[in-house]
Amino acid sequence: MPTPEGAPLELVRPLVQQACGSAGGLCVLTGAGMSAESGIPTFRDALTGHWARFDPMQLASEEGFRADPARVWNWYAERRNGVRRAEPNAGHRALGDFAARHPGVLTVITQNVDDLHQRAGNLDTLRLHGDILQDRWLEPCPRGARGPACEPGWALEGEPPRCGECGNPLRPGVVWFGESLPLAAMNAAERAVDGCRLLLVVGTSGAVWPAAGLAHRARRHGAQVVIINPEASEIDDQAQYLLRGTAAQVLPALLDTTSPENG
Ligand code: BV8
């Protein structure tokens with residue numbers, strides 16, 4: 001497959017083969033572009049139609065939620081329905097199949113809040129920005145101080161649903177801008193890129209930190225970095241190879257040829 005910019009696949013396939021030779025040899029960092037061919041708009045494209053008037057950073061922030069809880073709740077409700085309707089694409093499936101053929105070799109790290117990697121078989125995907133299908137209370141549950149906290153499922157209907165006892169609203173279980181990432185996932189992601197031989201960066205603009213810094217970190221630890229994206233990204237300078245194609249096109253072509261015996 002010709003890649004107008006950067007190396008043809010033929011130059012990158014041997015790197016995948018080499019990475020198959022060691023535990024944790026291959027890391028994949030994905031962004032919204034990974035799910036675009038599953039019909040989930042990328043973060044920048046998520047603002048279509050009614051939402052085009054809003055700034056994503058504003059909607060995906062505690063400040064934005066407090067300013068207009070119903071508006072933010074409904075934006076997430078629309079995105080959730082999109083995730084439930086979506087199916088993993090050939091890119092997700094190639095990663096799931098690879099993990100099955102090469103146990104212990106692959107670590108998938110995602111910025112995405114959908115569950116398509118898990119549905120494609122990568123159940124141990126490290127989720128840096130949370131899960132859009134999970135809810136949690138905005139404030140810590142006051143009951144929690146002296147006993148079991150209220151279950152999010154007990155919330156009374158509403159936009160957003162609220163605790164019938166104290167009015168505490170539910171919020172989506174995602175990481176909003178200005179909020180720190182889940183420590184366990186971020187530490188595991190850093191350990192994974194420190195120890196890998198090859199990092200594939202798929203479908204991210206590289207604009208959001210600290211996730212984007214994982215490419216720099218992998219490079220600093222001697223890994224080869226390959227970017228798969230039809231467009232230029234803000235971290236192209238970290239890559240030895242740029243593959244100008246889509247996730248569902250390039251990942252099967254890159255991964256489906258690797259077999260356990262030639263690992
Ligand atoms: C934090 C969940 C600590 C919510 C998300 C350092 C420098 C500058 C800024 C900062 C910095 N450190 C921190 C910041 C601030 C901020 C940040 O990065 N701002 C940027 C935007 C300037 N970071 C934070 O706030 C982070 N937290 O730092 O905490 C802290 C805590 C307290 C006080 C101080 C510090 C939290 C960041 C996480 C925010 N939550 N998501 C939700 O989804 O609603 S981020 C969200 O946006 C997504 O999860 C994703 O990560 C990101 C979007 O980026 P991409 O995934 O790359 O998607 P995008 O649409 O941009 O691009 C799509 C790409 O795909 C394109 O390149 C396109 O060409 C390509 N593509 C399209 N189709 C395809 C394709 N590729 C392949 N195949 C295709 N078919």
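Write down the radius of gyration of the chain and its Dmax, each obtained from C-alpha positions, in Å.
19.6, 63
With only Lys, Arg, Asp and Glu charged, each at its Cβ (+1 for the first two, -1 for the last two), find how big the charge dipole of the range 50-136 is about the Cα centre; round to the nearest 20 debye.
200 debye
At His216 and Trp154, where each label point lies 7 Å from the Cα along Cα→Cβ, what is the point-to-point distance in nanometres?
So the two model labels end up 4.5 nm from each other.
Which whole-Hz ³J(HN,Hα) couplings does the range 184-200 yield from phi under the Karplus relation 6.51 cos²θ - 1.76 cosθ + 1.60, θ = phi - 60°, glycine and proline marked x?
For the range 184-200, the Karplus curve yields 4, 5, 5, 5, 5, 5, 5, 4, 5, 6, 5, x, 8, 9, 9, 10, 9 Hz.
Which percentage, to the nearest 5, of the DSSP beta bridges contained in the chain is antiparallel? Don't skip to the answer; put the middle values down first.
Numbers: 7 of 27 bridges.
In the chain, approximately 25 percent of DSSP beta bridges are antiparallel ones.
First obtain the Kirkwood hydrodynamic radius of the range 111-263 from its Cα pairs, then insert it into the Stokes-Einstein equation at 20 °C and 1.002 mPa s, and state the resulting D in µm² per second as a whole number.
In µm²/s, the coefficient is 118.
On a C-alpha basis, how far is the centre of the range 192-235 from the centre of the range 128-184 in Å? Whole number, if you could?
If we compute the Cα centre of each part, the gap is 32 Å.
Using a 1.4 Å probe, how large is the accessible area of Leu214, given in Å² and rounded to the nearest 10?
0 Å²
Given a 1.4 angstrom probe, what's the average accessible area per residue across the chain, in square angstrom?
For the chain, the per-residue accessible area is 45 Å².
Shape verdict for the range 1-152, please, from the Cα gyration tensor: rounded (a/c under 1.5), prolate (a/b greater than b/c) or oblate.
On the way: a/c = 2.72, a/b = 1.60, b/c = 1.70.
Oblate shape, in that a/c is at least 1.5 and b/c is the bigger or equal ratio.
Carbon-plus-sulfur fraction of the accessible area of the chain, 1.4 Å probe, in percent?
In the chain, the share of accessible area belonging to carbon and sulfur is 53 percent.
The values are calculated or read from the model by the stated rules, or taken from the named source; none is laboratory data. All values reported here derive from a predicted model rather than from experimental measurement. Neighbour counts run over all protein chains shown; Cβ positions are idealised from the backbone, glycine included. Note: accessible area is taken over every heavy atom of the protein model, side chains too, but ligands, DNA and RNA are not part of it. Shrake-Rupley method; radii C 1.70, N 1.55, O 1.52, S 1.80 Å.
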